[in-house]
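Heads up: the structure comes next, in C-alpha cells.
The values are calculated or read from the model by the stated rules, or taken from the named source; none is laboratory data. Every value quoted in this text rests on a predicted model; they were computed, and no experiment measured them. Using ideal geometry, Cβ is built from the backbone for each residue, glycine included, and neighbour counts are taken over all protein chains shown. Surface areas here come from the heavy atoms of the whole protein model, side chains and all, with no ligands, DNA or RNA. Shrake-Rupley method; radii C 1.70, N 1.55, O 1.52, S 1.80 Å.
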Amino acid sequence: YLMIQECTADCSHWQTNYAHTLTNAQTCSKRLFIDVGASFCSICTAIDKKVLAHPIIEAALKRFCCVKIDGANDPDNVIKLLQEKYGVVGFPTFLLVDAQTGSLIKRWGSELYEVDIQAFADELAALAIR
C-alpha cells in the first residue's frame, strides 16, 4: 500500500535552503515560490519591503513553500541550477514552480514593484493548489 507522508514541514515563513524547501513542498503537495534576488539589488529590496512584506501578500504566500535565494551569498550554487532549469538571468526573478514535476508555472520580475497588491494576492490565490 501507498504510505502517505504527513506534512510536518514549516512553510509558513521564508526559507533559505532550496533543496530542503523543495522537499518540503513535495511532501506537503504545495507549490514552490522562489525569490531570486541579491542584497545589493535595490529593486529586490524594495519589492521585499513594499510587496512581499505586505500583510495581504504574506497571507497569500502561506499557501506555498517559499524560498529566498541570495545571489550575493549562494554557497550551494543554486543560482546556476535555476539559470539552467528556468532561464533565470538576473535579479529580481520570482518563480512559481510545481514541486512535483519541476515545471515552471509563472515568472515575475521587477514589474512586481508596481503591482496592485490585491490583484497580485488574487493571482497567487488562483495559482495555489486547493
When restricted to 69, 105, 129, the only residue out of contact with any Lys or Arg (no Cβ under 9 Å at 6 or more places or on another chain) and under 27 Å from residue 29 (Cβ atoms) is 69
Within the range 46-83, the residues that are of a type in the set (Gly, Ala, Ser) and exposed (fewer than 15 other Cβ atoms within 10 Å of the Cβ) are 46, 53, 59, 72
Of the conditions (1) modelled with pLDDT of 95 or more; (2) farther than 21 Å from residue 115 by Cα, the single one that residue 10 does not satisfy is (1)
Among 30, 62, the single one that is closer than 16 Å to residue 128 by Cα and touching a Lys or Arg at 6+ places or on another chain (Cβ under 8 Å) is 30
When restricted to 52, 96, the only residue closer than 14 Å to residue 18 by Cα and in contact (Cβ under 8 Å) with a residue 12 or more places away in the chain is 96
Exactly one of 53, 128, 72 is small (Gly, Ala, Ser) and over 14 Å from the mean Cα position of the chain (by Cα), and that one is 72
Scanning the range 84-130 for residues that are hydrophobic (A, V, I, L, M, F, W, C), in a loop (DSSP other than H, G, I, E, B) and open to solvent by less than 20 Å² (accessible area, probe 1.4 Å), the one farthest from residue 68 (Cα to Cα) turns out to be 128
